[in-house]
Each structure stands twice: as C-alpha cells, then as structure tokens.
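The values are calculated or read from the model by the stated rules, or taken from the named source; none is laboratory data. Quick caveat, the model's predicted, so the values are computed rather than measured. A quick note on method: Cβ atoms are made from the backbone with ideal geometry, for glycine too, and the neighbour counts reach across all protein chains shown. All accessible areas refer to the heavy atoms of the entire protein, side chains included, with ligands and DNA or RNA removed. Shrake-Rupley method; radii C 1.70, N 1.55, O 1.52, S 1.80 Å.
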There are 2 protein chains.
Amino acid sequence: MNGAESLLRSLIASGVDVCFGNPGTSEMHFVAALDSVEGMRPILGLFEGVVTGAADGYGRMAGKPACTLLHLGPGLANGLANLHNARRASSPVVNIVGDHSSTHARYEAPLTSDIKGFARPVSQWIHSSSSALTVGADAARAVQASLEGAGQIATLILPADTAWSPADSVAAPLPAPVPARVSDDTVERIAALARSGVRTAFLLRGKALQDQGLRAAGRIAARTGARLLCDTFAPRLQRGAGRVAVERLPYFAEQVVDFLAGTELIVLVGAQPPVSFFGYPDKPSWLTPQGCRIAVLAHPHEDGTAALEALVEALGAQHAVAPLSVRTALEYSPNGPLTGESIMRSVALHLPENAIITEEASLAMAYYGLTESAAPHDFLTLTGGAIGSMMPVSIGAGIACPDRKVVNLQGDGSAMYTIQSLWTQARENIDVVTVIYANRGYKILANELTRVGARTDGVHAASMFDLQNPSLDFVALAQGMGVEAVRAETSVDFDAAFARAMKRRGPMLIEAVI
Amino acid sequence: MNGAESLLRSLIASGVDVCFGNPGTSEMHFVAALDSVEGMRPILGLFEGVVTGAADGYGRMAGKPACTLLHLGPGLANGLANLHNARRASSPVVNIVGDHSSTHARYEAPLTSDIKGFARPVSQWIHSSSSALTVGADAARAVQASLEGAGQIATLILPADTAWSPADSVAAPLPAPVPARVSDDTVERIAALARSGVRTAFLLRGKALQDQGLRAAGRIAARTGARLLCDTFAPRLQRGAGRVAVERLPYFAEQVVDFLAGTELIVLVGAQPPVSFFGYPDKPSWLTPQGCRIAVLAHPHEDGTAALEALVEALGAQHAVAPLSVRTALEYSPNGPLTGESIMRSVALHLPENAIITEEASLAMAYYGLTESAAPHDFLTLTGGAIGSMMPVSIGAGIACPDRKVVNLQGDGSAMYTIQSLWTQARENIDVVTVIYANRGYKILANELTRVGARTDGVHAASMFDLQNPSLDFVALAQGMGVEAVRAETSVDFDAAFARAMKRRGPMLIEAVI
C-alpha cells in the first residue's frame, strides 16, 4: 500500500465515494489507486470549475462531501470561484490538491506556486500532508472538518512523494460533528417574543429549509401569524405542492426594503440579517427596517430544525395546521412569443415529482413564484454570486440523486463560464435538462448600469453587456460535447421540447431564444 | 470627472490602451467611463481565464501592459491560472479588480471575499485604492510596477465608491523602470570563462531571445564554440530563417540530462538553472551535470541583451559570423495519415513571414525542430504549466500585432480550459488560426503514469486520460462561437486547409484528427 492507496481507502472508510477530478502528473498515483482500491467513483471534468461546482451540488444534495482531485496550485485556482460559491452554500467539500514532491518543491519549476495561498480565501481547513504514514489520518480529519458547522471546505494538499511512498494503514472514520443544540433559554426567549404580537418574520437557511424544519416552521407561522422567509439565494429549499411555502427575499435592495416594511421582529434560523447584494451610491446596504428587532433562534452551526421543533412545543403549536402549497399548475396552453413567464409556466406544468431545480438566470428568478404550485421539488440557487455555478452544480446534484430529474435554468452569459459541464453530463449520462435563457446578453448589467448611477449610451459600454456579434449557438455547443439539444423560439415549441425532455432520461439542452 | 474616469485617463496617460475585461455590477462606472473617455479599447472575454491569458499574450508581444477588468474576488479567481502563466512569462499585466464599496464591505454579502488573498500568489504588486482622489496615482504606480524587472503582475483593487466618487486629476505617467546594467567586472569574468576552452552553453531567456540579443549571442557562439540554449518553455523566442538558432531544452528530465551531458559551464542570461518540470521517484530534479559550473551573466531583472553585446566586445567577436537558420521548408508533398509530423511540415511550409506561433500541445513540441527552417516568426510557449493558456494568449498576441498572422498549435484537452476564447477571436476578428491536435485524450498523462512509477491498466485511471465517450466535436464548438472551422483527417486535407487558412484573414479553426 502506498500513500495514495492509504488516502483513498481512508476517504472511502470515512464515507467519501465520489471523486470529481481533473488530475495531472503529480496526481498519477492517486489515479492509479482508483483501480487498485474499490469503492471510489471517479468523474472527470474538463475544467476545474466543473469539478468544484459539481462537488458543491453533490454536497448540497448528499449532505456529505465528495472529494475533488486537482492539479497543483493552478488546478485549484481554476476551481476557486465555485469553491467560493460552495463556501457560501455551506456545502461540505474535501479538496485533494496534488503538489510537487517534497524534494522538488525547493526548485522554481513552472508549476510551483503558493497552494495554501490559493486555498486560504475559500477553505476553513487546510493541511499539507507530510508523510505517506499520516495521509490516511489527514484524510479522516479533512472529512470531519468538511462536516463541521453547517458544512465547510477542507483542502488537503498531497505532495507527490506522500502519494508514492509506502504506507501501512487505513484511518478509521472520525465521528461526524453534531450540530450544537440551541439552549432552552433561547427557545423560551424567542417564544416570548413570538407571542408578544409584534409583526414577526422567520428568516430560515440551511437544513431548516428542508421538509422537517419547514413543517415545524409552518406550525409556528400558523400559531403566531409570523411570515416565513428565505434568502434570495438559499443553498437548498424544499418547496412545491404539499410543502410549507416560504417567501423568497427579492434581489434588489429597494425591493427588499418594501418587502420587509412593517416587520418588527426578524428571527434568524441559520441565516444572517439581510443585506443588499451590492452597494449602491444612494441605496441602503443594511435592509432590516429601522426599529425592527433581530433575534437569533439558531446560528448557522446550530441545529435549526431542532430549535424550530422546540419552539413549536414552547408555543404549544404541535397541532397548529400550516397551510401547504397546492398544485395548481396543472394546465397551461402556450401561445405567443417565448418569454421568461412562458418558460416558467411550462416548467411548473411538466416538472415531475421530486425533481431538482437549479437556478442561475435573472429571468428565471423573476418568475420564481410560478413553480410554487408545481410538483414538490428541491430548489438550488447561486449562493456566492460567482457565475458559472449551476452548470456543474446540476452535475453533482444528478450524481447524488440519480433517480431524480434535474432541471437547470441557466442564463446564456453565465452558462459560458463552465460550458465544459455539458461534456461530463454526456459522459456520465446525467439526467439533467439545461434550459438556456438565450437573451444574448448580460442583461442584468445593462439594468445595473443605471442603478449604480452610471450614465452612458455609448458603444463601448454596450459591447460589455451584449453577447451578439457573433451570437452563441448553444445547440452547436451542446452537440459539440455530445449532448442532445434543440432550439425553441416560441412558447409552443418550448413547451413541447420541455415536455418531451421531462419524459426521457439523460442530458439534454434547450436553447430558449427570448 | 469621477474616480473611474480618473483611473481610465491615468492608465491611458501611462500608455495602457487595451482593456481585456469581464465586468459586473461593481465595475459599472469603469464601464461607463469607457465611453466618456477616449483612448481605451475594451475587449470582452466570456470567462476571466480568457481575459488574463489575453493580457499575457499582449504583454509578451507589446512589451507593455494591457489592463484587465475583473469582477471582485471570484472574477479574479477565474483568471488566476493564466496570471500564474503570465507571472512565469514575466509579462507585464495590470489587473483592475472591482470591489464592493467601502460602506458595503463590512457586510457578508454573497460576493464578499479576500481579494488580496486571491491576488497574492500571482501578483508582485497589490494595492487597494482608498479614494477617488488617489486612484489615478495608484494606476500610474501599477503601470510602473508592471514594468519592473523583466515584467510583473500588478493588481489594483478598485472599491466601487472609489470609482463613483468625484475625482479631480489625471496622474502623469511615471518613468518606465530601466533594466539594471550588468557590471563590467561580470562581463570580464564571463569572458575569461568563455575563453578558457571549457564546453560552454549559454542559457537565454527574456529579451535576450529576441533578434538583437540573438545576434550578439550568435557572435559569441561563433567565436567560442558555445552552444546557445533556451528553456523548454520560453515566453517568447524569435527564430526561423535568417535568425540565430537556439537549441530548446527537451521536456523530460532524462532527456535534459542527455542533452546537457559533457557541458562544463552554463552561462545564465536572464534564465534559471534547468530543473525538471515534475519530480519523479527515481529521476533527478536538478539537471545541471555533475561538476558543471554555473555562471550568471545577467539576472532576469538585468539587461541581458546589453550584457551579451558587452561580452561580444570583451571577446573581440564583433566580426564573428554566426550561422543563421536557412529556409529549407519550401517543399512538402503530404500523403498518408495525419500525424504530428505531417502537421508541422505543413506549418513549416505555409507559415507566412513574421507570423506568431503559440504552442500548447505535446505533439507540437515533439516536432518543434521542423519550424526552425520556416519563415522567421515569434514562438510563444506555455510558461507556467497551467493549461488553457494559448487559446487566449493568441488573442492578446493578435491584438498587439494586428498585421501578423497568429498560428495556435493547441492540444484538445488544454483547448477545453478556455474554449470561450473562440468567441472573442470571432468578435474581434483576430487573425488567428487554431490547430487542434485532436488525439482525444490527455495523452501526456498516460505516458506520465508509467514515468512516475504508477502501475495500472484499469478502467478508472484510463477514464481520467481519455476524452472519448463522447468525442469532442471542435468544428461544432467553433461554429457555436462564430468561428469558421474545418476537420482534417488526412495529411492532404490538413495541408490544403492550413494553406488556405494562411492566405485568408480572420479567425479559423482546424480540427486535426490524429
């Protein structure tokens, strides 16, 4: 057994059995170990942003980490933007980053770089293994670290000689961290506030947005009249017919101000107080209404679901009946031009039970409400603002949940960041349907230009927002990577294409020209 | 005038007139200023690796920096791998990285990140502007910093309020740094060594590999019998018919050992002693032969060309006649299957005068020697080992030298890292012909697997190297981004396609199936 095999066996012993990777020479012993050791599924991405984004999606849906396999500092660097998103999503991820052998590190070889420096802004845990004898234990610690709090990024650096030198043991798994319990005092304090009759909103994030937490939150809302809210960009939300509805905070600061107007108490459950996405010259960043009190029921590292259930008891709301979303999106007759609204009506109509929607398109966000009445589904969003997230997140979600349909609602501009994702979707035959909102531009930026108070109608600025000249042909791009694709230019065409896509398995792309 | 306009005017005053960018909301005032201020050419890339790679290529060919425009930490992060390559190439680059306004930075908004942390591993100079009143001066300092030594990466962080607040001045350009002169003592010492009759090799890098330096080096070689060498991955080399020939160090450590066997003295001119690209269990990293002396004529920050010219005088070699490469690649009759060799014979035959070749394909490297006898050209390589470099470098080279044909010899695996480059090539109508070496795999890794001593013939490892199932269709990918493309499967087809590509202007891609 060499270090690479010890590492791999230890990862598997700790429950990690999927590896999204793009290896190079320094990772060859790890690659060879994928054959000599059973139990790890390797999945190749043609670019590291695909690899790390897929690990994010996997972590959100599996609730445990996949590992990545990255080639030295630059390989990690290519994956950083989606690790930033994963960090914001509190997704558990274990990065394995190959490094030069310790004997080679002293030379300024072309690929020598400050790997820890690259890792630091996105990683809560970083370690460079110093020996094949310890790398298994390091792997067990990395897995444990990735599960701390609500989920973390753990980066384990693997010098090549640590992989190729003899090892003698496989590390036993370490106990998975248990989320901290919220104290009875806190629950009582929040219960007293909630009973006081002030206009209250619960802002939920993390596991509290899954079915069990939502049922408890629904009882609280039914009992107290409180609103249930989630962030504009929640990592994962369970919603649709039969689920407790949660209102999503709007995107723009001034919309959030209106949305929260009159709120006297915000109770945080795994969430932070709402702030605007960007700062603007004449708009607020801090969006809690003047005079509104903020109370914390559960911090992100605490067990928000258990806290909500304790609060149900404290309020005597065990038998309160929360209104559930109803499936009303059962009919829709498309006609006329293809629009953001008609796309979403088709999605709401045809979405199968227990699908996963991934969203990275401003025009999808605009019609978010329409899918509230669709079949129950999980909804995943771009948590860190680094575009290029959902193409690979849909891969990871599909790997974690092979029996569930994934629908990726994707802007054209953001799709291009990690367009290589399509190839992995084809190779792994992932059941993901990508809808490209092809409005031929970074349309949100043309809007933001005036919102920040910048004034121009010149050609240079316009050229930074438009994706024409030439237009992107997503059907050709998808076919170039082995994914079946069609273009839809009317709502009738789109509806037919989407309905067909929902009834078949395997990757498909629909370019929705709007 | 606001801060963005002050910044832009100051950059232009300092000689920076090309901006490769991918902006977002926090950079909107800079974008607006592109219209209110004249003199900056903005070029959009659909992914930041395209942006920074293009800036690398521009810096290598223009000898002055372009600026990049990047969207906060994640935008910079996406560009880091090609900044790593640019740093290894000593390319001057000025990054402008937008940041949240100072009033917004205290909140944990989704895009908040440690921008300086991201920048540090690749930047020799980093500064975050604190005021619209100083940002112009900061820009002038950044440009100066980018030209220090042989060329550096300067990263200027621009908080949004620094861009939108009122400014009152444009910074005057600072003097461009002058490379240090090598002392007469050093020249005399090297002259004495070179006269001593030991078997000598000059290892050149930087400007010494351009025509003027090479002519001096050629006289020295003619006078002393010394060999002239360059690194395996030199940022830029002028070569071909009529130029002084330089031997390129081979790639693999054991090849370099053979190549340098018997050398008694290595004289470094802007170069470092040769080391292997990777460390291997049973192969040396340090490749200078045992007992071989190393002497430094010029460090990278010193004027290597002037040092070579001084050495010519010290050796009395002013009239020595260096043998020049001769254009022998004038005829070639293709037949049979398409191979790495037949591709390069076509390139050598049809390459026009004064072209620029960019190389990122192991099969191109294997037949490098064939273009020595082609028309004179500049040759650019992947300096930092972070693949995905040459697709965008060819953009920057084409923007810097609009009258010169660019030929990009590109592996299929590495092409996929920054495949979005094709769109910018189409939009800017850059005169670049991309030859994709479509061998359907990371072929070098299958080789490296055994070289590092890893053993496997299993399917998992093989799946990490092959790019089949599905095969990539580069013709479809190019057409999807507006670039004309053809597929060649025989040497006759390739020769005809390449010959035609050399006679027309504008971007084109040839998928060479080998």
In the stretch B:465-514, anything among the polar types (S, T, N, Q) and either in a helix (DSSP H, G or I) or open to solvent by less than 20 Å² (accessible area, probe 1.4 Å) (or both) is listed as B:Q479, B:S491
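Across the stretch B:1-44, which residue is farthest from the other protein chains (Cβ to nearest Cβ) among those that are of a type in the set (S, T, N, Q) and within 19 Å of A:V452 (Cα to Cα)? Outline the logic, then answer.
From the stretch B:1-44, those of a type in the set (S, T, N, Q) are B:2, B:6, B:10, B:14, B:22, B:25-26, B:36; that's our starting set.
Next, from what is left, pick out any that are within 19 Å of A:V452 (Cα to Cα): B:2, B:6, B:22, B:25-26, B:36.
Numbers: B:N2: 9, B:S6: 15, B:N22: 8, B:T25: 4, B:S26: 6, B:S36: 7 Å.
Going through the qualifying residues, I end up with B:S6.
When you check B:P470 against the structure, is it farther than 19 Å from A:L34 by Cβ, without any contact (Cβ under 8 Å) to a residue 60 or more places away in the chain and either in contact with a Lys or Arg (Cβ under 7 Å, 6 or more places away or on another chain) or away from chain A (no Cβ under 12 Å) (or both), yes or no? Steps first, please.
Working: farther than 19 Å from A:L34 by Cβ: yes; without any contact (Cβ under 8 Å) to a residue 60 or more places away in the chain: yes; either in contact with a Lys or Arg (Cβ under 7 Å, 6 or more places away or on another chain) or away from chain A (no Cβ under 12 Å) (or both): yes.
Yes; evaluated as a whole, the condition is true for this residue.
Hey, can you tell me all the residues within the stretch B:26-58 that are among the small types (G, A, S) and under 19 Å from B:R427 (Cβ atoms)?
Hits for the stretch B:26-58 are B:G45, B:G49, B:G53, B:A54, B:A55, B:G57.
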Exactly one of (1) within 16 Å of the chain's Cα centre (by Cα); (2) over 28 Å from B:G279 (Cα atoms); (3) more than 9 Å from every other protein chain (Cβ to nearest Cβ); (4) not aliphatic (A, V, I, L, M) is unmet by A:Q124. Its number? (1)
Residue identified as of a type in the set (G, A, S), out of contact with any His (no Cβ under 8 Å at 6 or more places or on another chain) and assigned by TED's automatic domain parsing to the domain that holds A:L228 among A:A176, A:A192: A:A192
Hits in the stretch B:423-464 (condition: assigned to a helix (DSSP H, G or I), open to solvent by less than 30 Å² (accessible area, probe 1.4 Å), more than 28 Å from B:A355 (Cα to Cα) and among the hydrophobic types (A, V, I, L, M, F, W, C)): B:L445, B:L449, B:A461, B:M464
Right, A:D17: open to solvent by 10 Å² or more (accessible area, probe 1.4 Å) and without any contact (Cβ under 8 Å) to a residue 12 or more places away in the chain or not? no
Out of (1) open to solvent by 40 Å² or more (accessible area, probe 1.4 Å); (2) away from chain A (no Cβ under 14 Å); (3) of a type in the set (K, R), the one B:R248 does not meet is (1)
Within the stretch A:65-96, residues open to solvent by 10 Å² or more (accessible area, probe 1.4 Å) and at positive phi come out as A:S90
Which of the following residues is part of a loop (DSSP other than H, G, I, E, B) and more than 30 Å from B:A119 (Cβ to Cβ): A:A150, A:A132, A:A140? A:A132
Can you tell me how many residues in the stretch A:294-317 are more than 30 Å from the chain's Cα centre (by Cα) and open to solvent by 80 Å² or more (accessible area, probe 1.4 Å)? 1
Looking at (1) in contact (Cβ under 8 Å) with a residue 24 or more places away in the chain; (2) open to solvent by 70 Å² or more (accessible area, probe 1.4 Å), can you tell me which one B:V182 breaks? (2)
Name, by its number, the condition in (1) open to solvent by less than 10 Å² (accessible area, probe 1.4 Å); (2) away from every other protein chain (no Cβ under 14 Å); (3) touching a Cys at 6+ places or on another chain (Cβ under 9 Å) that does not hold for B:T263. (1)
Looking across the stretch B:73-91 at residues that are among the aliphatic types (A, V, I, L, M) and facing chain A (nearest Cβ under 8 Å), the single one that is farthest from the chain's Cα centre (by Cα) is B:A77
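Considering only the stretch A:320-373, how many residues are acidic (D, E), crowded, with 18+ Cβ neighbours inside 10 Å and touching a helix residue (DSSP H, G or I) at 6+ places or on another chain (Cβ under 8 Å)?
Within the stretch A:320-373, the first condition is being acidic (D, E), and the residues that meet it are A:331, A:341, A:353, A:359-360, A:372.
This time we only want the ones that are crowded, with 18+ Cβ neighbours inside 10 Å, so: A:359-360, A:372.
Checking which are touching a helix residue (DSSP H, G or I) at 6+ places or on another chain (Cβ under 8 Å) leaves us with A:359-360.
Residues that pass the stated criteria total 2.
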Given A:G151, A:G213, A:G218, A:G136, which one is in contact with a Pro (Cβ under 6 Å, 6 or more places away or on another chain) and either of a type in the set (S, T, Y) or buried (at least 20 other Cβ atoms within 10 Å of the Cβ) (or both)? A:G151
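Please tell me if B:G396 is away from chain A (no Cβ under 13 Å) and either open to solvent by less than 30 Å² (accessible area, probe 1.4 Å) or of a type in the set (G, A, S) (or both).
Numbers: away from chain A (no Cβ under 13 Å): yes; either open to solvent by less than 30 Å² (accessible area, probe 1.4 Å) or of a type in the set (G, A, S) (or both): yes.
For B:G396, the condition - away from chain A (no Cβ under 13 Å) and either open to solvent by less than 30 Å² (accessible area, probe 1.4 Å) or of a type in the set (G, A, S) (or both) - is met.
Yes/no per residue for (1) closer than 26 Å to B:P470 by Cα; (2) at the interface with chain B (Cβ under 10 Å from one of its Cβ atoms):
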| residue | (1), (2) |
| --- | --- |
| A:E48 | yes, yes |
| A:T52 | yes, no |
| A:D56 | yes, no |
| A:P65 | no, no |
| A:L69 | yes, yes |
| A:V94 | no, no |
| A:S102 | no, yes |
| A:A105 | no, yes |
| A:E108 | no, yes |
Can you tell me which residue is nearest to A:A163 (Cα to Cα) among those in the stretch B:284-295 that are at the interface with chain A (Cβ under 10 Å from one of its Cβ atoms) and either in contact with a Lys or Arg (Cβ under 9 Å, 6 or more places away or on another chain) or modelled with pLDDT of 95 or more (or both)? B:S285
